[in-house]
Amino acid sequence: MKYSRNILVTGGAGFIGSHVVRLLVQKYPQYRIVNLDLLTYAGNLANLADVESRPNYAFERADICDAPRIEEIMRRYEIDGVIHLAAESHVDRSIKDPFVFAQTNIMGTLTLLQVARTVWEPQGYEGKLFYHISTDEVYGSLEADDAQFTESTPYAPHSPYSASKASSDHLVRAYHDTYGLPTIISNCSNNYGPYQFPEKLIPLFINNIRNRKPLPVYGKGENVRDWLFVEDHARAIDLIFHSGRVAETYNIGGCNEWRNIDLVKALIKVVDRQLGRPEGSSLDLVTYVTDRAGHDLRYAIDSSKLQRELGWSPSLQFEQGLERTVEWYLNNQEWLDSVTSGEYQRYYEEMYSDR
Ligand code: NAD
Ligand code: TYD
């Protein structure tokens, strides 16, 4: 079959990537979607069990730092669009081991950019696009009464994770400005939803509430995050990939700011109710622990450009999104057990032994 587009999605076996792959595979049978993923601890092909047998889906296990391998894959599938999500994504891990973040997020992105340029430049850039998925964390931290981040907020990353993502964003812009590679970047706020690895706040806490384990709230729980349901992010990515303007940046956010401690209390309510426990019975699990080093106080993102130019807006109220997310985790115990065995246990024992 001749496909009208051949799109390489990197990191497609991860949390957001799997939602993007599912959306594209189902919505565009005329496209071939190639999922390129190294399957690190965060990548899981079970996330895509419902679409893996579709004829327009292909999987390649590869490292984005492996230039010859990426080049071979891009040529074999005649890739004309890249949606780049592969990354090390967890701030706490970046504090423990910054080097792997620099390697994957900076060198991996640079490698992909260079390979895309090598393959596409001689063909001409018409009809090609390198779309880089980034985070609002590159903008740094807001005070309680600061205005939201816009696309022109200067970069001021604080964690090794956000510094590595900021570097990769700069490289993407440099490849556009220097070599003419057609690029787009989007910077999104905190995502939540099914298939998120239970190291991030929401799935970790759902799992711990279910198992009557402590809920480690960093510092006083006063940090603020802007939460977006992952399927709304995937819809935004689809829209920007098809209709975004080259060389532009788009902010994506939920307009949904929560202090961590308020979010944790709301989550406890939903989990207790869905488990049939008396209201508030898991509140005793809340445990205040030593704050994260360099913990950004507040993220909040202004996504009016995306709303104005491309007509996107979040579709789900946070309450609905939380209900759906809790329901999914409670109904998918097998998935949780499979990702929380072995290496994960060791990591968490180590992570919390010094808190
Ligand atoms: P994730 O950790 O769940 O998934 C990352 C995926 O990348 C995994 O499947 C992993 O196997 C793969 N990967 C890692 N290193 C690789 C390598 N060297 N080569 C190939 N594949 C590799 O991450 P996520 O939360 O889905 O985030 C995806 C992207 O979105 C990241 O770029 C992240 O910075 C960005 N982002 C995430 C959020 C969020 O709230 N999770 C918000 C904004 C932006
Ligand atoms: P996280 O899900 O790691 O996302 P990010 O650091 O990228 O925003 O954390 C969300 C917020 O929750 C952040 O302020 C840190 C806090 N947090 C806790 O208080 N306890 C935890 O165990 C975790 C993982 C996060």
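Read-outs throughout are calculated quantities, based only on the coordinates presented, and are distinct from any laboratory measurement. Not measured: the values here are computed from a predicted model. Methodologically, a virtual Cβ is constructed for each residue, glycine included, from the backbone with ideal geometry; neighbour enumeration extends over all protein chains shown.
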Q | Within a Gaussian network of the chain (alpha carbon springs, distance under 10 Å), most fluctuating of 316, 267, 112 | A | 316
Q: Return P(r) of the range 79-187 (all Cα-Cα pairs; 5 Å bins starting at 0; whole %; ordered from short to long distances).
A: 2, 13, 22, 21, 17, 13, 8, 3, 1, 0
**Q.** Cα lying deepest toward the dipole's positive end in the range 24-139, options 109, 85, 35, charges on Cβ
**A.** 35
Q. How far apart, in nm, are the 7 Å Cα→Cβ label points at residue 290 and residue 26?
A. 4.4
Q. Of the beta bridges DSSP finds with both residues in the chain, what % are antiparallel, to the nearest 5?
A. 5
Q. For residue 275 and residue 54 in one chain, what is 0.36 nm times their gap in residues minus the Cα-Cα distance, to one decimal in nm?
A. 76.0 nm
Q) If contacts are Cα pairs under 8 angstrom and at least 6 residues apart, what is the relative contact order of the chain in percent? A) 17
Q: Report the full-extension gain for the segment residue 146 to residue 41: residue separation times 0.36 nm, less the Cα-Cα distance, to one decimal in nm.
A: 34.2 nm
Q. Most fluctuating residue of 95, 240, 185 in a GNM of the chain with Cα springs under 10 Å: which is it?
A. 95
Q. By what distance, in whole Å, do the Cα atoms of the range 215-323 stretch along each of the three principal axes, largest value first?
A. 50, 35, 16
Q: Provide the gained length on full extension for the span residue 297 to residue 177, in nm with one decimal, where the gain is 0.36 nm per separating residue minus the Cα-Cα distance.
A: 39.9 nm
Q | Spin-label pair residue 317/residue 107, simplified geometry with 7 Å Cα→Cβ offset, distance in nm | A | 4.9
Q) About its Cα centre, what dipole magnitude does the range 218-258 give when the only charges are +1 on Lys and Arg Cβ and -1 on Asp and Glu Cβ, stated in debye to the nearest 20? A) 80
Q: Work out the length of the dipole vector of the chain about its Cα centre, built from +1 on the beta-carbon of each Lys and Arg and -1 on the beta-carbon of each Asp and Glu, and round it to the nearest 20 debye.
A: 600
Q) Which value, to two decimals, describes the C-alpha radius of gyration of the range 105-158 once divided by 2.2 N^0.38 Å? A) 1.61
Q. Where does helix 160-179 land angle-wise versus the long Cα axis of the chain, in degrees 0 to 90, nearest 10?
A. 20
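With runs of 4+ DSSP H residues as the only contributors, calculate the mean residue ellipticity of the chain at 222 nm using -39,500 (n - 2.57) per run, divided by the residue total and rounded to the nearest 500.
-12500 deg cm²/dmol
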**Q.** Cα lying deepest toward the dipole's positive end in the chain, options 58, 132, 275, charges on Cβ
**A.** 58
Q) Which of the listed residues, 7, 17, 164, is farthest toward the dipole's positive end in the chain, when Lys, Arg count +1 and Asp, Glu count -1 at the beta-carbon? A) 7
Q | Cα-based Rg / Dmax (Å) for the chain | A | 19.8, 65
Q. When the label point is put 7 Å from the Cα of residue 222 along its Cα-to-beta-carbon vector, which residues of the range 125-154 have a backbone N closer than 15 Å?
A. 142-146
